[in-house]
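Input: a single structure, listed below in structure tokens.
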Amino acid sequence: MRVYLDNAATTAMDDRVVEAMIPYMKEHYGNPSSVHSHGRQVRSAIEKARKKVAELLNASPAEIFFTSGGTEADNTAIVCGIETHGITHAITSPIEHHAVLHTLEECAKKGKVSLSLVEVNSQGEINLDHLQELLKQNPKSMVSLMHANNEIGNINDLNTMGNLVKEYEGFFHSDTVQTMGHYVHDLKNLPVDSVVAGGHKFHGPKGSGFLYVRKDKKIHPFIYGGAQERNMRGGTENVIGIVGIAKALELAYEDMSGHQSHIEGLKKYFIGLLKNDIPGIEFNGLSEHLDKSLYTVLNVSLPPSEENRGMLLFNLDLHGISASGGSACSSGATVGSHVLRALNHDYERESVRFSFSRFNTKEEIDFTVEKLKELYGVVV
Ligand SMILES: Cc1ncc(COP(=O)(O)O)c(C=O)c1O
């Protein structure tokens, strides 16, 4: 048996998404910028996808821009939001994804903004009083705080954070990569200026994504070239990816509560077994709390063990389980998680992020717990 519990890194594509994409790899190959019928047909597929995404998120099609993924969308919102709106100060947290953190650090290094980090406690909760203090000292800031953390699963309240940013006339960007397709986003009624998505996190294709920017907070383009994406992103569109991400989002919304109850059931079951079977087990961040964390993520902290020191992910892999230590690293190397570091994590313990999808089963959870028991020498 091989078990895939790394769905926060990426998910398997839904067959129905693949089916929707195939015609755009075969018969519909026109360039969407061409005015002839081959082109027009493909242009119409892109605009249909944009309309679908906008409809699902209660946004206007003019507010949706397709990108190559979450990283590009984060970069666009942050870099161009700062430039367009003449912003000189930015606020983020030390546990953001590197798509946000490294982008803002680069902006600070280039002297475009000064950067403040809002405090988080040992559970990864944002200190909202500190956020308010920072905003009071620096009104009109670019504030980038994620909806949910990809490593520890903590969910932040977009309403509370967004209203605070609004009060101090800031620009509020939220990295919603881990919640898009898993939770409902009613963008007309959320106090956010921009949010993002990566299609591969909800059974869509890799290399697909989109950026939402509120109508009254327009920003300059990040990539210059042709007039694609209404002059916001030059370059021939990833038509296949665009068709795929829209289909994936449509499927996600079609039965979101069904998916949630299945996945949340698995997470709850997993927590119960782990607490019962592995002495000294703990959970990082708020991931144990079903009402405060992503139903797709459980970050487990295992007691010190000589046999598994620095080797747990490797050992799990050998036993047929794919999980992760944090965000997937492009080199494949295991580098310490900046998120766990910010939480003053005890490095004697081993941490594993297990993340689930609608394709996981109870049997896979049983199998994983059995393997953990073996690795931790729990007498079966
Ligand atoms: C919170 C968060 N932001 C951004 C990204 C980057 O998204 P993409 O892989 O689509 O570029 C990820 C992916 O791991 C993520 O989890």
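The values are calculated or read from the model by the stated rules, or taken from the named source; none is laboratory data. All values reported here derive from a predicted model rather than from experimental measurement. Ideal geometry is used to build each Cβ from the backbone, glycine not excepted, and the neighbour counts take in all protein chains shown.
Brief remarks on what is shown
- Residue satisfying condition, being at pLDDT 95 or above and either within 24 Å of the chain's Cα centre (by Cα) or surrounded by 13 or more Cβ atoms within 10 Å (Cβ to Cβ) (or both), within set 323, 328: 323
- Scan of segment 126-162 for residues that are surrounded by fewer than 16 Cβ atoms within 10 Å (Cβ to Cβ) and under 22 Å from the mean Cα position of the chain (by Cα), ordered by number: 127, 128, 157, 159, 160
- Pairs linking a residue in segment 40-67 that is on the phi > 0 side of the Ramachandran plot to a residue that is surrounded by fewer than 19 Cβ atoms within 10 Å (Cβ to Cβ), with Cβ atoms under 8 Å and 6 or more positions apart or on different chains, are 58/186; 58/188; 58/189.
- Being exposed (fewer than 15 other Cβ atoms within 10 Å of the Cβ), away from the ligand (no atom under 12 Å from the Cβ) and among the small types (Gly, Ala, Ser) is true of residue 62.
- Members of segment 167-192 that are among the acidic types (Asp, Glu), surrounded by fewer than 24 Cβ atoms within 10 Å (Cβ to Cβ) and farther than 21 Å from residue 255 by Cα: 167, 169
- Scanning segment 350-380 for residues that are among the aromatic types (Phe, Trp, Tyr) and either surrounded by fewer than 22 Cβ atoms within 10 Å (Cβ to Cβ) or farther than 11 Å from residue 5 by Cβ (or both) turns up 359, 367, 376.
- Filtered residue count, segment 206-221, keeping only those that are over 25 Å from residue 178 (Cβ atoms) and either within 16 Å of the ligand (Cβ to nearest atom) or surrounded by 17 or more Cβ atoms within 10 Å (Cβ to Cβ) (or both): 1
- The listed residue being assigned to a helix (DSSP H, G or I) and of a type in the set (Gly, Ala, Ser), out of 59, 20, 9: 20
- So residue 200, is it within 16 Å of the ligand (Cβ to nearest atom), under 17 Å from residue 88 (Cα atoms) and of a type outside the set (Gly, Ala, Ser): no
- Qualifying position, being touching a His at 6+ places or on another chain (Cβ under 7 Å), within 21 Å of residue 97 (Cα to Cα), of a type in the set (D, E, K, R) and touching a residue at least 24 places away in the same chain (Cβ under 8 Å), among 206, 201: 206
Matching residues to (1) surrounded by 13 or more Cβ atoms within 10 Å (Cβ to Cβ); (2) aromatic (Phe, Trp, Tyr); (3) in a helix (DSSP H, G or I):
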| position | (1), (2), (3) |
| --- | --- |
| 241 | yes, no, yes |
| 257 | no, no, yes |
| 263 | yes, no, yes |
| 267 | yes, no, yes |
| 286 | yes, no, no |
| 301 | yes, no, no |
| 306 | no, no, no |
| 310 | no, no, no |
| 339 | yes, no, yes |
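- Contact annotation: residue pairs with Cβ atoms under 6 Å, 6 or more positions apart or on different chains, pairing a residue in segment 9-29 that is under 16 Å from residue 48 (Cβ atoms) with a partner that is within 16 Å of the ligand (Cβ to nearest atom) and hydrophobic (A, V, I, L, M, F, W, C), are 17/248; 21/240; 24/240.
- Subset of segment 94-117 (residues that are within 12 Å of the ligand (Cβ to nearest atom) and of a type in the set (Ser, Thr, Tyr)): 103
- Qualifying residue in segment 263-282 (condition: touching a helix residue (DSSP H, G or I) at 6+ places or on another chain (Cβ under 7 Å) and polar (S, T, N, Q)): no
- Single residue of segment 189-230 satisfying the filter (among the charged types (D, E, K, R) and not in a loop (DSSP other than H, G, I, E, B)) that is nearest to the chain's Cα centre (by Cα): 201
- When the test is whether a residue is closer than 20 Å to residue 71 by Cβ, in contact with a strand residue (DSSP E or B) (Cβ under 6 Å, 6 or more places away or on another chain) and surrounded by fewer than 16 Cβ atoms within 10 Å (Cβ to Cβ), residue 225 does not pass it.
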